[in-house]
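Engineer: I have a structure here, written as structure tokens, and I will follow up with some questions on it.
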Amino acid sequence: MKNAYILLPGISWNLDHMIVIDDILISKDVLEEHFLCNLSACKGACCWEGDWGAPLEQAEIDVLEKISEYILPYLSDRSKKVITEEGGVTYYDEPGFHGTKLHNDGSCVYLTLKDGKASCGIEQAWQDGVIPFRKPISCHLYPIRVTKNEETGFHAMNYDKWDICSAACTFGKENKVRLYEFAREAITRAYGPEFYDSIENASRYLDEQS
């Protein structure tokens, strides 16, 4: 029975709790865990800690190259230097993807500080109406990580649990915000409103069965 499926309109999941919507696998954690960013506690540490930058799709790399000059005014002098001389994208061998470049201290080259908290220079430019691109979808979705195989069309959404986000987990529980609800805008941006509605329906169904 390990591969058995329970079916709802447009939704199914197996007994290992991997939900399937439109052929995209979704971890049960995405629906059930609580999460709400608490920048007052973490100061945006996910933007300056880690071994590699935000994963980028080829279309995003192309966009960043075109709008780079409009983002630079929002960045620190050292980030301007790196992006101007080397570009803001690099390839990471271990995970095997292209991503935003990091400084030697692990911070993203697109990071900027605002009121003592990490902020995305790309998103600030977008908020000001300078560019039409908000930020990489992998950043927007985080802490949801999507694994893709473009040849097979396989997509899998998982919750990337990280101890530096513990305050966000607590904050989410206090405010009764699930991870998928926190990421609503990003999920809708990536997969459309109907896909988000299906996730919401699946979450409600699981709650009813518990």
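The values are calculated or read from the model by the stated rules, or taken from the named source; none is laboratory data. Just so we're clear, the structure is a prediction, and the values are computed from it rather than from any experiment. All Cβ positions, even for glycine, are placed from backbone atoms using ideal geometry, and neighbour counts span all protein chains on display.
Engineer: State which residue is nearest to residue 133 (Cα to Cα) when the search covers only segment 186-201 and only residues that are assigned to a helix (DSSP H, G or I) and out of contact with any strand residue (DSSP E or B) (no Cβ under 8 Å at 6 or more places or on another chain).
Structural biologist: Ranking the candidates gives 189 first.
Engineer: Something else about it: Name the residue that is nearest to the chain's Cα centre (by Cα), counting only residues in segment 55-74 that are in a helix (DSSP H, G or I) and under 21 Å from residue 96 (Cα atoms).
Structural biologist: Restricting attention to segment 55-74, the residues satisfying the condition of being in a helix (DSSP H, G or I) are 58-74.
Remaining after also requiring under 21 Å from residue 96 (Cα atoms): 58-65.
Numbers: 58: 16, 59: 16, 60: 14, 61: 16, 62: 19, 63: 18, 64: 17, 65: 21 Å.
The selected residue is 60.
Engineer: How many residues does segment 159-175 hold that are β-branched (Val, Ile, Thr) and either touching a helix residue (DSSP H, G or I) at 6+ places or on another chain (Cβ under 6 Å) or not in a helix (DSSP H, G or I) (or both)? Working first, answer last.
Structural biologist: From segment 159-175, those β-branched (Val, Ile, Thr) are 164, 170; that's our starting set.
Checking which are either touching a helix residue (DSSP H, G or I) at 6+ places or on another chain (Cβ under 6 Å) or not in a helix (DSSP H, G or I) (or both) leaves us with 164.
Within segment 159-175, residues that are β-branched (Val, Ile, Thr) and either touching a helix residue (DSSP H, G or I) at 6+ places or on another chain (Cβ under 6 Å) or not in a helix (DSSP H, G or I) (or both) number 1.
Engineer: With respect to residue 91, is the statement that it is of a type in the set (Ser, Thr, Tyr) and touching a His at 6+ places or on another chain (Cβ under 7 Å) true?
Structural biologist: yes
Engineer: From the list 184, 189, 134, 178, which one is assigned by TED's automatic domain parsing to the domain that holds residue 68, touching a helix residue (DSSP H, G or I) at 6+ places or on another chain (Cβ under 8 Å) and closer than 30 Å to residue 18 by Cβ? Talk me through it step by step, then tell me what you get.
Structural biologist: Numbers: 184 fails: assigned by TED's automatic domain parsing to the domain that holds residue 68; 189 fails: assigned by TED's automatic domain parsing to the domain that holds residue 68; 178 fails: assigned by TED's automatic domain parsing to the domain that holds residue 68.
Every option except 134 fails the conditions.
Engineer: If a residue has to be modelled with pLDDT of 90 or more, exposed (fewer than 14 other Cβ atoms within 10 Å of the Cβ) and within 23 Å of residue 42 (Cα to Cα) to count, how many in segment 107-131 make the cut?
Structural biologist: 1
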